[in-house]
Amino acid sequence: MNRAIVWLLTVFILNPVQRAEAQQTKKARQIGFLCPAKCGLSEHDGFRDAMRQLGYMEGRDIVTIYRAAESDVARFPSLAAELIGLKVDVIVTAGTPAIVAVKQATSTIPIVFASAGDPVRAGLVESLSKPGGNVTGVTILSPELSGKRLELLRETLPRLARVAVLANPSTPAQATLAEFEGAARALGLTVRLLKAQRPDQLENAFSSILQDRIGALIIVPDAFFASQRPRFIEFTANNRLPAIYDRHEYVDEGGLMSYGIDFQYQFRRAGYFVDRILKGAKPADLPVEQPAKFEMVINLKTAKQIGLTIPPNVLARADRVIK
């Protein structure tokens, strides 16, 4: 009887200790995070916030391994290979070129993207509803965005006739450009398509804008263009050229206005995809989501500098105004 009591007491005392040790030695899941430009951007806070809200503690439940390409597309393959070599459980990235590089490097590690122009056209997924393979996430495809940017420019500039649309030919954006052309016809505008994928080609595009007497500029979403923000802002300011961008960072740094997807929300949604994958879901079974949250930002200081008055009806629709 005494031995039985001693055994029961021993089990009672040691089991909690063993359980605690097991929890402490539980291996944290590794998340690879490939940043096309820089890591630690405000939009990445959305991913970190989502993971915290879903119950993941950095260092205890997950370890996020960051790699930044610094806007150098040539570095994508080597950085992807590095993350794969570290045997991460899932890779998070954004932008079609980066996603393509990771997908070419692995067909087994799940890949979650926070933004992609057209994942079907780029060959990343079989369809939005049934991705297949090891890739899924949140696209930036939104049919109304192209027309909305043109409408905002037309409302801001009633006499506008010619608009330049600058795109990166290395990014599959044909569908977006077709939408611009269709919306322009409906608004009685002429669209001039310009292309650039290297810094030197931007100078050629800027020269064409001046030669063709373009009245306003639209920048198609692209990681390379985002890395060249200071050049766009300087060019448009020096030439008093109204421009609308896809991201608020342009406007924060001196651009006129932006209307586009809330990328912090996009990364938040990427966090929910990662959560489901870590819990056993397969990317092939997780439908690609389309953007659900948008934002409009206007810089009145810039408007004043280029001699432009923003109409009250346009100003009233802004989510944020920089004065």
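Descriptive notes on the structure:
- For Met57, the accessible area of its heavy atoms, probed at 1.4 Å with every protein chain present, is near 100 square angstrom.
- Crossing angle, helix 263-278 versus the chain [Cα axis fit, 0-90 degrees, rounded to tens]: 30 degrees
- For the chain, with +1 on Lys and Arg beta carbons and -1 on Asp and Glu, the positive-most of Tyr245, Gln201, Phe33 along the dipole: Phe33
- Flagged links, alpha-carbon separation over 23 Å, of Lys130/Lys279; Lys27/Lys130; Lys27/Lys87; Lys27/Lys103; Lys103/Lys195; Lys195/Lys323: Lys27/Lys130; Lys27/Lys103; Lys103/Lys195; Lys195/Lys323
- The aspartates and glutamates within cross-link reach of Lys148, meaning a Cα-to-Cα straight distance under 13 Å and a gap of 8 or more places when in the same chain, are Glu179, Glu181, Asp246, Glu295.
- Among Ile65, Ile209, Ile99, the largest mean-square fluctuation in a Gaussian network model of the chain, built with springs joining Cα atoms closer than 10 Å, belongs to Ile65.
- Val321 accessible area, assembled protein chains, probe 1.4 Å, Å²: 50 Å²
- Against the chain, whose longest principal axis comes from its Cα atoms, helix 76-85 is set at around 10 degrees.
- A Förster radius of 51 Å, combined with the Cβ-Cβ distance separating Arg52 from Glu144, puts the computed FRET efficiency at roughly 0.95.
- Across the alpha-carbon atoms of segment 36-144, the computed radius of gyration and Dmax are 13.9, 42 angstrom.
- Radius 12 Å from Cβ of Gln201, net charge of other residues (Lys, Arg +1; Asp, Glu -1): +1
- Environment charge of Pro311, counting only residues whose C-beta is closer than 15 Å and scoring Lys/Arg +1, Asp/Glu -1: +2
- Relative to the longest principal axis of the Cα atoms of the chain, helix 229-238 runs at roughly 20 degrees.
- Using C-alpha pairs under 8 Å with a sequence gap of at least 6, the mean separation divided by the residue count of the chain gives a relative contact order of 19 percent.
- Set of aspartates and glutamates with alpha-carbon distance to Lys301 below 12 Å, sequence-local pairs under 8 removed: Asp252, Glu253
- Per residue, the chain exposes 49 Å² of accessible surface when a 1.4 Å probe is rolled over the protein heavy atoms with every protein chain present.
- Our estimate of slack between Ala284 and Ala28, defined as 0.36 nm per intervening residue step minus the Cα-Cα distance, is 89.8 nm.
- Rounded percent of accessible protein surface that carbon and sulfur make up, segment 83-128, 1.4 Å probe: 51 percent
- Correct option for volume of the Cα convex hull per residue in Å³ [calculated from the coordinates] among (1) 140; (2) 148; (3) 172: (2)
- Separation of segment 254-322 and segment 31-74, taken as the distance between their Cα centroids, equals 18 angstrom.
- Using a cutoff of 8 angstrom between alpha carbon atoms and counting only pairs six or more residues apart, the relative contact order for segment 97-255 works out to 19 percent.
- Check: the chain dipole with +1 on Lys, Arg Cβ and -1 on Asp, Glu Cβ, in debye: 340 debye
- In the chain, the DSSP-assigned H stretches of four residues or longer account for a calculated mean residue ellipticity at 222 nm of -13000 deg cm²/dmol, using -39500 (n - 2.57) per stretch and the full residue count as denominator.
- Extension gain, Ala81 to Asn204, is 40.8 nm, computed as 0.36 nm per intervening residue step minus the present C-alpha separation.
The values are calculated or read from the model by the stated rules, or taken from the named source; none is laboratory data. This one's a predicted model, so the numbers in the text were calculated from it and none came from an experiment. FYI the Cβ positions are ideal-geometry reconstructions off the backbone, even for glycines, and counts take in every protein chain you see. Only protein heavy atoms, including side chains, enter the accessible area calculation; ligands, DNA and RNA are left aside. Shrake-Rupley method; radii C 1.70, N 1.55, O 1.52, S 1.80 Å.
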